[in-house]
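Just below is one structure, and these are the notes that go with it.
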Amino acid sequence: MADLRQATDIGPTYRFLLTDPAASFAVEPGVTSWRDRDWLDAAGDAGWIAGVFETEADRLTGRMSWPSG
């Protein structure tokens, strides 16, 4: 797997994600369609979406859902 920090000091760039052979096929259309959005808004939405998928994955695998209250 490629070093995720090779592009910047803080993490990968969208260009890196588009060329990373380890990235899922679903990454390219998501990154391509979101790269022209406001970056802060896109980051907030991505975090929210990640939480939804994590919660569903936890439910399906019987793990405790995030966030645990």
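The values are calculated or read from the model by the stated rules, or taken from the named source; none is laboratory data. These numbers come from a predicted model, not from an experiment. Cβ sites come from the backbone with ideal geometry, for glycine too, and all protein chains shown count toward neighbours.
The residues in the stretch 8-45 that are hydrophobic (A, V, I, L, M, F, W, C) and assigned to a helix (DSSP H, G or I) can be counted, and the count is 10. Taking the stretch 35-58 as the range and being in contact with a helix residue (DSSP H, G or I) (Cβ under 6 Å, 6 or more places away or on another chain) and modelled with pLDDT of 90 or more as the test, only A42 passes. The number of residues in the stretch 12-68 that are at positive phi and touching a residue at least 12 places away in the same chain (Cβ under 8 Å) comes to 0.
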